[in-house]
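The values are calculated or read from the model by the stated rules, or taken from the named source; none is laboratory data. Keep in mind it's a predicted model, so treat the numbers as computed, not measured. Here the Cβ is made from the backbone with ideal geometry for all residues, glycine too, and neighbour counts use every protein chain on show. The area values use the complete protein model at the heavy-atom level, side chains included, leaving out ligands, DNA and RNA. Shrake-Rupley method; radii C 1.70, N 1.55, O 1.52, S 1.80 Å.
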Amino acid sequence: RQKTISESFSQIVSYQHGGFKSEKLINAILYMIAKDNQPLSLVENKGFINLMNVTSPNFKIPSRRDISRRLKGKYKSFQDLFKNELNKVKYISLTMDIWTDIHTQSYLGVTVHFEKK
């Protein structure tokens with residue numbers, strides 16, 4: 001079935017700022033940056049811009065500043081969630097380990113064991 005004019009325009013609008021598909025793509029970019037430890041400048045890389053233009057030409061790629069602001073918002077949400085969960089803990093045990101990889105990149109690992117109230 002062919003799309004109606006209304007359906008076609010709603011598809012385009014969903015890629016605009018605040019639209020459903022726009023938010024979904026931005027959340028995927030935020031996840032990728034956090035999960036893969038990518039720099040915020042990723043959104044300014046020519047390869048990334050080309051990928052987004054090929055896959056979602058109607059999508060306006062957010063700036064590095066916008067990505068930073070959104071990541072801070074996500075961090076705050078997870079921080080609050082984590083604090084709420086810690087308030088339910090009766091006992092807690094922390095184990096920490098520091099190491100350096102062969103490229104002299106330092107890491108701090110923290111393991112947490114807990115029992116809820």
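Residues checked against (1) touching a Leu at 6+ places or on another chain (Cβ under 8 Å); (2) assigned to a helix (DSSP H, G or I):
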| site | (1), (2) |
| --- | --- |
| ALA34 | yes, yes |
| GLN38 | no, no |
| PHE48 | yes, yes |
| PRO57 | no, no |
| PRO62 | no, no |
| ARG65 | no, yes |
| GLN79 | no, yes |
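Filtered by the rule that a residue be at pLDDT 90 or above, open to solvent by less than 50 Å² (accessible area, probe 1.4 Å) and polar (S, T, N, Q), the range 16-51 gives a lone residue, SER41.
In this structure, LYS76 does not qualify as open to solvent by 90 Å² or more (accessible area, probe 1.4 Å), touching a Phe, Trp or Tyr at 6+ places or on another chain (Cβ under 9 Å) and not polar (S, T, N, Q). Among the residues in the range 86-98, are any surrounded by 10 or more Cβ atoms within 10 Å (Cβ to Cβ) and assigned to a helix (DSSP H, G or I)? Looking through the range 86-98, at least one residue is surrounded by 10 or more Cβ atoms within 10 Å (Cβ to Cβ) and assigned to a helix (DSSP H, G or I).
Among the residues making up the range 67-117, those that are of a type in the set (D, E, K, R) and without any contact (Cβ under 8 Å) to a residue 24 or more places away in the chain are ARG69, LYS72, LYS76, ASP80, LYS83, GLU85, ASP97, ASP101.
Conditions tested, residue by residue: (1) under 12 Å from the mean Cα position of the chain (by Cα); (2) among the polar types (S, T, N, Q); (3) farther than 30 Å from TYR107 by Cα.
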| site | (1), (2), (3) |
| --- | --- |
| ASN27 | yes, yes, no |
| MET32 | yes, no, no |
| GLN38 | yes, yes, no |
| PRO57 | no, no, yes |
